[in-house]
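The structure appears below as structure tokens.
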Amino acid sequence: MDKTAYFEQMRDRRKNEILAAAKEMFLEEGVSAFSMQQLAKNLDISTVTLYKYFKNMDDIMQELGAQIVKILAEKLYMQPSVHTENPTTVFVQQLRNFYDIILKERQNLSLLLLFQIHTQNNREPNPVSEHIKIYQEKWAERMNALLKEMKSQGELSENLNVDDAFIFISQTNTALVQYIGLNVGMQNQEDEKTIQRFIEQTIQASVLYLKSQVPGTITGEELFL
């Protein structure tokens, strides 16, 4: 290995160490309590050294956010195929697989939501939000295709069009994902049972809405009130 490659390897290792320490601080103390000075102290390095890698907290958040989006996206879009001719069965299994991944990556999800809340008032484009938008569009494409197949096979209510169905599914599941991510501290058995119950209720409510939609049916925001 030549010197250039060696120093690049050392730099990448140090950068990952900084990100790992910052992630731990964000999870334990929150975004508002984070400081570059404390991060440098925790790593036993000078702030001068730290600033050679990241110019400020937002720079660290963007790097961590991009990593988290990549991790979630790779897992979410490598879900196993469901071998069945029934699109409703596929729909339910896709949601169950989705929530299995969300629960396993709850800390990463929590960080991502905290970063979004922190940066939502920024006027400048947020690279993390742009990454999220790309994968949201991919998810929308996949879900719309599945809903169209359900419609073509008569598995959606006659009164419900695909666009309205997609809006409901998006609102309902986004509400639960946010709840899970923002309650990352829920660790005991009863809390886990509560989360699992909410997941099952959400999936069943989604199927019920798609198959027997009537005026006045609940919206996603109302499910957890």
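Carbon and sulfur atoms: what percent of the 1.4 Å accessible area of region 6-85 do they account for? Could you put the intermediate results ahead of the total?
On the way: 2320 of 4950 Å².
Carbon with sulfur: 47 percent of the solvent-accessible area.
Order these peptides, 198-207, 2-11, by their mean beta-carbon neighbour count within 10 angstrom, highest first. List each step's numbers first, then the result.
Numbers: 198-207: 16.8, 2-11: 9.7.
Descending packing order for the listed peptides: 198-207, 2-11.
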What lysines sit close enough to residue 41 to cross-link, taking a C-alpha to C-alpha distance under 28 Å and skipping anything fewer than 8 places away on the same chain?
15, 23, 52, 55
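Assuming R0 = 35 Å, what is the FRET efficiency of residue 134 and residue 11, from their Cβ-Cβ distance, to the nearest 0.05?
That pair, residue 134 with residue 11, gives E of 0.80.
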Hey, rough spin-label estimate for residue 207 and residue 74, points 7 angstrom out along Cα→Cβ, what's it come to in nanometres?
3.3
Reachable lysines from residue 151, Cα under 21 Å, same-chain residues fewer than 8 places away excluded?
138, 211
If the cut-off is a Cα-Cα distance under 20 Å, which aspartates and glutamates reach residue 3, setting aside same-chain residues fewer than 8 apart in sequence?
12
Kirkwood Rh (inverse of mean 1/r, distinct Cα pairs), region 1-74, angstrom:
13.1
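Using a 1.4 angstrom probe, figure out how much accessible area region 1-71 has per residue, in square angstrom, rounded to the nearest whole. Walk me through the intermediate numbers first.
Working: 4400 Å² over 71 residues.
Roughly 62 Å² per residue, with all protein chains present.
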Return the equivalent ellipsoid semi-axes of region 37-108 as a descending list in whole Å, where each equals the square root of 5 times an eigenvalue of the C-alpha gyration tensor.
41, 11, 8
Ordering 106, 96 from largest to smallest accessible area (1.4 angstrom probe), what's the sequence?
96, 106
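The values are calculated or read from the model by the stated rules, or taken from the named source; none is laboratory data. If you're wondering where the values come from, they're calculated on a predicted model, not measured in any experiment. Note that we place each Cβ from the backbone using ideal geometry, even for glycine, and neighbour counts take in every protein chain shown. These accessible areas exclude ligands, DNA and RNA; they are computed on the full protein's heavy atoms, side chains included. Shrake-Rupley method; radii C 1.70, N 1.55, O 1.52, S 1.80 Å.
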